[in-house]
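The values are calculated or read from the model by the stated rules, or taken from the named source; none is laboratory data. Note that the structure is a prediction, hence the values are computed from the model and not measured. Every residue, glycine among them, receives a Cβ derived from its backbone with ideal geometry; neighbour counts consider all protein chains shown. For accessibility, only protein heavy atoms count, side chains too; no ligands or nucleic acids. Shrake-Rupley method; radii C 1.70, N 1.55, O 1.52, S 1.80 Å.
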Amino acid sequence: MSVALVTGGSRGLGRAAARALTADGWSVAVTGRDPAALAEVGAALALEADATDPVATRAVVARSEAELGPLDLLVVSAGAFRAGGRVWETDPETWWSDVEVNLRGVQLALWAALPGMVARGAGRVVVLGSGMGAVPTLGASAYSSSKAAVARLAEIAAAELAGTGVTVLTVSPGMVRTDMTSAFPEGFLTIHPELRGPADAAWTPVERFLGLLRRIATGDLDALSGRFLHVRDDPSAAVQAVDDEPPRGVLRSRPWSDG
């Protein structure tokens with residue numbers, strides 16, 4: 001049975017990913033800070049952990065592999081967006097806390113999980129990115145800046161992993177309705193229409209994200225390792241064109257145009 005670890009799996013997209021993978025027959029471990037919420041996910045293993053704690057993160061990977069087996073897939077979903085407002089009006093501690101969860105959380109997950117994957121010569125990593133990392137998002141400087149950094153971090157990791165059998169992709173799920181996105185300030189999508197879906201749908205169906213995740217999990221998109229994929233991209237076309245594109249230094253599978 002294939003084994004996956006999903007960080008931030010107690011809510012939102014992490015929970016959706018963990019449930020979808022479980023339904024597909026994966027043996028899934030989930031992490032989060034809320035034990036009660038974790039228990040409701042229905043995963044094979046629920047582990048309470050702080051995504052910004054290196055000791056806890058390494059322990060999560062070790063326990064997941066000890067109880068479920070070697071990791072085939074890592075989904076880094078833990079994220080935070082509490083520092084809303086203009087840069088100079090945002091509490092510095094809250095701002096930095098968001099950056100720590102969004103960026104340090106990804107780095108620690110890679111740091112803890114990649115050695116085992118590299119040693120085995122196989123593994124796939126999906127990092128949850130955001131369209132806010134590709135556009136200057138007013139009122140969301142911590143989140144937007146950290147997600148831009150996350151995309152670059154994943155790209156660097158993928159380049160360093162070349163030839164190891166391990167792939168890394170950053171996925172922007174679109175504006176899926178979750179606890180986080182539902183708490184955005186009123187009028188947020190009006191200010192940033194580029195983050196919306198098609199004109200008739202402000203919110204992106206979670207099924208689009210899950211469909212893309214499933215394709216990555218099966219290895220269908222390994223050729224795109226290092227890329228930033230939005231759920232509205234056509235990954236099949238990107239795979240066909242990969243030989244004609246620069247192999248490194250590209251954060252997206254196509255130029256950014258519609259969020």
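Of note:
- Filter result (over 17 Å from Leu114 (Cα atoms) and in contact with a strand residue (DSSP E or B) (Cβ under 6 Å, 6 or more places away or on another chain)) within region 41-63: Val41, Ala43, Ala44, Leu45, Ala46, Leu47, Ala49
- Tallying residues that are open to solvent by 10 Å² or more (accessible area, probe 1.4 Å), in contact (Cβ under 8 Å) with a residue 24 or more places away in the chain and not polar (S, T, N, Q) within region 134-146 yields 5.
- When the criteria are applied in full, Ser27 fails the requirement of being open to solvent by 20 Å² or more (accessible area, probe 1.4 Å) and out of contact with any Cys (no Cβ under 9 Å at 6 or more places or on another chain).
- Checking each residue in region 109-129 for being touching a residue at least 60 places away in the same chain (Cβ under 8 Å) and of a type in the set (D, E, K, R) picks out only Arg124.
- Residue selection: Asp72 satisfies the criterion of being touching a Phe, Trp or Tyr at 6+ places or on another chain (Cβ under 9 Å) and of a type in the set (D, E, K, R).
- The residues on offer are Ala66, Ala4, and the sole one that is open to solvent by 30 Å² or more (accessible area, probe 1.4 Å), at pLDDT 95 or above and either outside any loop (DSSP other than H, G, I, E, B) or out of contact with any strand residue (DSSP E or B) (no Cβ under 8 Å at 6 or more places or on another chain) (or both) is Ala66.
- Listed conditions (1) modelled with pLDDT under 95; (2) open to solvent by 30 Å² or more (accessible area, probe 1.4 Å); (3) in a helix (DSSP H, G or I); (4) not basic (Lys, Arg) are all met by Gly14, apart from (2).
- Scan region 76-97 for residues that are in contact with a strand residue (DSSP E or B) (Cβ under 9 Å, 6 or more places away or on another chain) and of a type in the set (Asp, Glu) and the total you get is 1.
- Selected residue (only one of Asp91, Asp50, Asp98 is of a type in the set (Asp, Glu), under 29 Å from Ser144 (Cα atoms) and touching a residue at least 40 places away in the same chain (Cβ under 8 Å)): Asp98
- Considering residues of region 49-86 that are of a type in the set (Asp, Glu) and under 19 Å from the mean Cα position of the chain (by Cα) only, the residue nearest to Arg120 (Cα to Cα): Asp72
- Some residue of region 81-95 being among the charged types (D, E, K, R), open to solvent by less than 60 Å² (accessible area, probe 1.4 Å) and at pLDDT 95 or above: no
- Flag: Ile216 does not match the condition of being open to solvent by 40 Å² or more (accessible area, probe 1.4 Å) and modelled with pLDDT of 95 or more.
- Members of region 96-132 found to be open to solvent by 80 Å² or more (accessible area, probe 1.4 Å) and among the charged types (D, E, K, R), listed by number: Arg104, Arg120
- Among all residues of region 90-99, there is at least one that is of a type outside the set (S, T, N, Q), assigned to a loop (DSSP other than H, G, I, E, B) and closer than 30 Å to Leu138 by Cα.
- Tally of residues being under 20 Å from the mean Cα position of the chain (by Cα) and of a type in the set (Phe, Trp, Tyr) across region 87-110: 2
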